[in-house]
Amino acid sequence: MKAFTGIVVLLLTGLAASIWIGFHTKLSEGTVPYDDDQEGINEQVVIKFSHVVAENTPKGLAAQRFANRVDERSDGRIKVEVIPNGGLYSDQEEFEALQRGDIQMIAPATTKLSSFSSKWQVLDLPYAMPTRESIIEALNGEIGEILLQKLEKSNMKGLTLWINGFKQVTTNNGPIIQPADLNGQALRIMPSSVLKKQFELVGAKAIGLDFNDTYRLLESGELNGEENTISNIYSKKFFEVQSDLTISDHGFLGYAVIMNKDFWDHLTADQQKIISEALDETTRWNQTHSFAMNDEQLSIIQRNSSISIHRLTDKEKKEWAKAWEPVYLDFKEEIGEELLNKILELQEKYRKF
Ligand code: LMR
């Protein structure tokens, strides 16, 4: 009996061993279907997306919408973590963090890109794009394409362009109706040679400062005023510490959506496709909603605050544009003829005043 049990155990052990060996041989021979495109598919990719504005703004909402679309399209395999309000990094710090790879995405105002290529200054020229349609045409067309390509040499992948809207002027001692009314005003601007020159031409002292320092400096009276879109004036409550708001539409504020280029290059083709498609959808949404959001927030300011609102007539805008005409000549060389001519053609096509 003992001998019989021993033989059965031996046979069963042999059978189990041959099944195990056979299975492993098959795997190593590659006979089990294996798709190397799927490599690493179970690892979650995390993209930290930092920006300086509030969540209820064209950029804040677009960033969150993009994060949601990526999550849906990737079944949670790509996670975009949006950090608003300069919660991690201020305007300048976010560029350094992106280049170090501490964060993977940012969407700075295009104005802040002129330190990487002076060509970006074309979008800062006073009344560069006179209508909403002209902004969309510039960003979606050759102007946008040329500018985004300029970022590659700084290890940044320019993915798309988003709109906030037209900039307006606020002060604590208005009204600001004529260019001469800007004389002597101490104003916060984004750091930019074009903007500095523009305000100096009309006698204002324009100081390039971080966005998230603006409220404190306006509230304390260290600055008289600033220029920004309604959405930023509303969401950061600048209107509560200013007496006058001039709807001048004198400049453009929009964003380049940028990824660290090394990070982008290391994504799989499938991951890049998911991100590009989510961004395309978000950009279309941004282009149809950003102006409306600014309009709506202007109505809220109008209804709920005591700030005096002045809307420039076309004739007044023409005077502002005339006062700032020399800026075009001053920056002609830095911007280059190609882009300057393209923006002048747009102005011709969409001229309003
Ligand atoms: C500013 O600094 O005023 C803007 O760039 C803020 C923003 O990102 O809209």
Inset, instruction - Using only alpha carbon pairs under 8 Å that are at least six residues apart, calculate the relative contact order of region 50-114 and give it in whole percent. - result: 41 percent
Legend entry - ARG303/ILE207 FRET efficiency (R0 45 Å; Cβ-Cβ; nearest 0.05): 0.90
Inset, instruction - Tell me what the chain gives for mean residue ellipticity at 222 nm when only DSSP H runs of n ≥ 4 count, each as -39,500 (n - 2.57), the sum divided by the residue total, rounded to 500 deg cm²/dmol. - result: -14500 deg cm²/dmol
Inset, instruction - Can you check what the Kirkwood hydrodynamic radius comes to for region 224-350, Cα pairs only, in Å to one decimal? - result: 18.3 Å
Legend entry - Gain on full stretching of the segment that runs from GLU133 to GLU333 - 0.36 nm per residue minus C-alpha separation: 69.3 nm
Legend entry - Computed accessible area, HIS289, all protein chains, 1.4 angstrom probe, square angstrom: 80 Å²
Inset, instruction - Determine which lysines satisfy two conditions relative to LYS196: a Cα distance under 22 Å, and not lying fewer than 8 residues away in the same chain. - result: LYS112, LYS119, LYS167, LYS205, LYS317, LYS318, LYS322, LYS332
Inset, instruction - Over the chain, consider all pairs of different Cα atoms and compute the Kirkwood hydrodynamic radius from their mean reciprocal separation; express it in Å, one decimal. - result: 22.7 Å
Legend entry - Overall form of region 145-293 per C-alpha gyration tensor (a/c, 1.5; a/b vs b/c): prolate
Legend entry - Surrounding net charge for ASN224, when Lys and Arg each add one and Asp and Glu each subtract one, Cβ distance under 14 Å: -4
Legend entry - Environment charge at ARG132 (Cβ cut-off 12 Å; Lys +1, Arg +1, Asp -1, Glu -1): -3
Legend entry - DSSP bridge orientation in the chain - percent antiparallel, rounded to nearest 5: 55 percent
Inset, instruction - Considering only THR229, THR268, THR57, give the residue with the highest GNM mean-square fluctuation for the chain, with springs between Cα atoms whenever their separation is below 10 Å. - result: THR268
Inset, instruction - Express in whole angstrom the spacing between the alpha-carbon centres of region 290-309 and region 76-114. - result: 28 Å
Inset, instruction - At a 1.4 Å probe radius, which order do VAL82, VAL122 fall into by accessible area, largest first? - result: VAL82, VAL122
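The values are calculated or read from the model by the stated rules, or taken from the named source; none is laboratory data. All values reported here derive from a predicted model rather than from experimental measurement. When we count neighbours, we look across all protein chains shown, and the Cβ atoms used for this are built from the backbone with ideal geometry, even at glycine. In case anyone asks, the SASA skips ligands and DNA or RNA and just uses the protein heavy atoms, side chains included. Shrake-Rupley method; radii C 1.70, N 1.55, O 1.52, S 1.80 Å.
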